[in-house]
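Reviewing the structure listed below.
The values are calculated or read from the model by the stated rules, or taken from the named source; none is laboratory data. Because the structure is predicted, anything quoted here is derived from the model rather than measured. For neighbour counting, all protein chains shown are included, and Cβ atoms are generated from backbone atoms with ideal geometry for every residue, glycine included. Side chains are part of the model used for accessible areas, which takes the heavy atoms of the whole protein and leaves out ligands, DNA and RNA. Shrake-Rupley method; radii C 1.70, N 1.55, O 1.52, S 1.80 Å.
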Amino acid sequence: MDMKTPLSLALVFVSVFTVYCFDHALSTTVTYDHRALVIDGKRRVLQSGSIHYPRSTPEVWPELIWKSKEGGLDVIETYVFWNYHEPVRGEYYFEGRFDLVKFVRTVQEAGLMVHLRIGPYACAEWNFGGFPLWLHFIPGIQFRTTNDLFKKEMLRFLAKIVGLMKEEKLFASQGGPIILAQVENEYEIVEWAYGVAGELYVNWAAEAAISLNTTVPWVMCRQEDAPDPIINTCNGFYCDQFTPNSPSKPKMWTENYSGWFKSFGYPIPHRPVEDLAFAVARFFEMGGTFHNYYMYFGGTNFGRTAGGPLVATSYDYDAPIDEYGFIRQPKWGHLRDLHLAIKHCEEYLIRSDPTHQQLGHNLEAHIYYKSSNKCAAFLANYDSELDANVTFNGNLYFLPAWSVSILPDCKNVIFNTAKVVSQRILAHTTTANKLILSATSWSWYVEKPGVWGNNSFTESRLLEQINTTKDTSDYLWYTTSINIMPGQSKEVFLLIESLGHAALIFVNKKLVAFGYGNHDDASFSINEKISLVEGNNTLDILSMMVGLQNFGPWFDVQGAGIFSVVLIDPWSNKYDVSAEEWTYQVGLEGEYLGLDKVIHANSSVWIKGSVPPINKTLICFGSVINLLLPSPDVLFKVSFLAPQGNGPLALNLTSMGKGQAWVNGQSIGRYWPAYLSPSEGCTENCDYRGEYDSTKCQKNCGQPAQTLYHVPRSWVHPGQNLLVLHEELGGDPTKISVLTRTGQEICSFVSEDDPQPADFWILNMGFGSRSPEARLTCEQGWHITSINFASFGSPQGNCGAFSVGTCHANILPMVQKACIGEEHCSVPVSTANLGDPCPGVLKTLAIEAICSN
């Protein structure tokens, strides 16, 4: 018995194709027919995953891509982000996180292929959908329609990216990894708003793409009217029912949502892996041959890259690889097994169209024949409640509700989407090194309310914010005066209406209110009773953006900022001050002084004391109570030593309100832990059965969407590191901690009747005498340091809370011998290996272990 078989052996089958096909010296031809993409004359069944290069750092790209390949992927899919590649018209940037060529080459070096989604519209919850804001200010321009100004700029950028890829010999025909390119993105959703001009634009975009002669196929995702030869593809939670718009095009799925994105003030979305695997298996069952996870690794919206409104900084997406680059189990492992099972069927899938066979109510099979007596089959139970026993080819099979079984020889089940035998990780018991930042080490700079510099300007009206700031800052000050004559009421209601996204209101330099919108509706109003004084009063409004809109028809002209300010006296008389003289100031003084930058860490404007100013009571539901400072708007600065190790760091900002943070001058993004999600709408034990949507399996109701903020290890260095926070609402920086992951608790729960691992399957030979296995794997570089529980029999409870059942074989010493000190280990689940504590009873093996670095 070999209990230490490396799990990497399971991936030999997956990687064979990529090794021979994408040797750097080879030129590859990519075409398509009605069944699949055709690479060098052979149809391929391909698994793909989205990784957006700017949402991580170049230092970790190789590891992310390696983990993707180990997970069974063939292709990496990414958008191209125009606004950061051309921040100023004609001035290009392809460095650091935006080094597109380096990213594509890194994928190639791993032996994988690339789907390059040039767009240039990305959506992607990315600021302004990926469009550069200077585009918005071209007189007469209209986005994504038959506007000559827009088409000229779009074609110029498409040509720039295609030209760059050709120069670097990155298309498949040049020996590179790029096998697909995408023009536009989900235009069908908004096409109705543009009328006939929208239809003409689709045809123009297709012609423009083809004219660039990439030598690889182009796709348009979610675009039913994509003209030939452009392939129209499906996006969604399920695409098994999708049919291309031409019988000559293959069935392709470019966005299968592995979860959903986070938004400030919303619960955390979660998609069960059983449902995700069901959706993938159904797609291939029903004739699909190219499938992509959006996202396979989500990453982080560093800086001000998050779209909006109010998209969170974390873009984790509940993906198989989490925001920090760690494998998320059991999602990664269960999908890896699924990919292996589908690969075992590939020779059948590419030979024929599926033959349908009804097996009962909500029960069916699809069979792929290689010859009259050789086939692969998918058996599906798409009932959302009822399990079933079905007969297929004379054999009886059990199908749990909402599941698919895969039979690579039309006989043996090597995978069922509802039976998760992959190991699990207990996220809540993940160990971490924590470094508390002491109160005495902080310095601060208090922003004064209102206009602060000589570059302010005045207008006799309220200005729209985006057109005013040009997105050079999240902040715009609106300042005016209110004169109260003798005899006029000093107690009035202040009614402010805003297009979004948030605003602090100061009267006579004192904070009186805070208002904000949400992701679905960024607009808001504030109705606050205020006290004025006789004579002149100042009204200062700090309007704040939280990401530019990235989705919807005409999203590029959706505005933000204050559009109405009205005073209402006790007798309901209204005084509209919207058309009075307003003074404007773009940005904050701390921004202007560059206090987030390392070179200004020792500036004389920083104040140092024994304890930093702390607003212990924050702003709640628009009202301000017990405020200790005239303004909660403060910049904080501290030096810290990074925890030891090579892994990523996280800032725990639970004690803070709302703002932005920088480490050594690098922006880690916006934070807003004071914005809590609704207290209802979450489920502790979500039923994966039945159709999923982004609100079905939510977590963390009544909690912030995000409290931990990713700091890449490459952004810190030995010795002192600089942390700067711009806190807008008031918070307690002394409670901030810096964390790094140093271990994890993992577990496995496998029964005698579970399928054997898919990598045991040998074509034409089956499983042989192999049995199911419990497999434990640590993160790369970590090792199993202890076994907390091991029982074979009838263990009770769930992962993290196992207990011995009435049937129990004490196999702890055996498991310890096999696993401790190893990065991964496996234990066959059989009585021949583990003994038989209760003959005639179905037995299960349960193991809990600790991995540590």
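Is it fair to say VAL413 is of a type in the set (Val, Ile, Thr), open to solvent by 10 Å² or more (accessible area, probe 1.4 Å) and more than 30 Å from the chain's Cα centre (by Cα)? It is true that VAL413 is of a type in the set (Val, Ile, Thr), open to solvent by 10 Å² or more (accessible area, probe 1.4 Å) and more than 30 Å from the chain's Cα centre (by Cα).
From the list GLY590, GLY622, which one is surrounded by 14 or more Cβ atoms within 10 Å (Cβ to Cβ) and at pLDDT 95 or above? Don't jump to the end; show me each part of the working.
Working: GLY622 fails: at pLDDT 95 or above.
So the residue among GLY590, GLY622 that is surrounded by 14 or more Cβ atoms within 10 Å (Cβ to Cβ) and at pLDDT 95 or above is GLY590.
Only one entry of PHE378, PHE398, PHE392 meets the criterion of being aromatic (Phe, Trp, Tyr), touching a His at 6+ places or on another chain (Cβ under 8 Å) and closer than 23 Å to ASP753 by Cα, and that entry is PHE378.
For residues in segment 36-57 being in contact (Cβ under 8 Å) with a residue 60 or more places away in the chain and open to solvent by 10 Å² or more (accessible area, probe 1.4 Å), which is nearest to PHE128 (Cα to Cα)? Filtering first and then ranking leaves ARG44.
Restricting to segment 539-566, name every residue that is assigned to a strand (DSSP E or B) and open to solvent by 10 Å² or more (accessible area, probe 1.4 Å). Quick ask: steps written out before the conclusion?
The first filter runs over segment 539-566 and keeps only residues assigned to a strand (DSSP E or B), leaving 539-544, 549, 562-566.
Within segment 539-566, GLN549, PHE563, SER564, VAL566 qualify.
Scanning segment 763-776 for residues that are modelled with pLDDT under 85 and either open to solvent by 30 Å² or more (accessible area, probe 1.4 Å) or touching a helix residue (DSSP H, G or I) at 6+ places or on another chain (Cβ under 7 Å) (or both) yields a count of 7.
Here segment 694-749 is the region considered, the condition is being hydroxyl-bearing (Ser, Thr, Tyr) and open to solvent by 20 Å² or more (accessible area, probe 1.4 Å), and the residue that is farthest from LEU812 (Cα to Cα) is THR734.
Only a single criterion out of (1) in contact with a Gly (Cβ under 8 Å, 6 or more places away or on another chain); (2) modelled with pLDDT under 95 is not satisfied by ASN373, namely (1).
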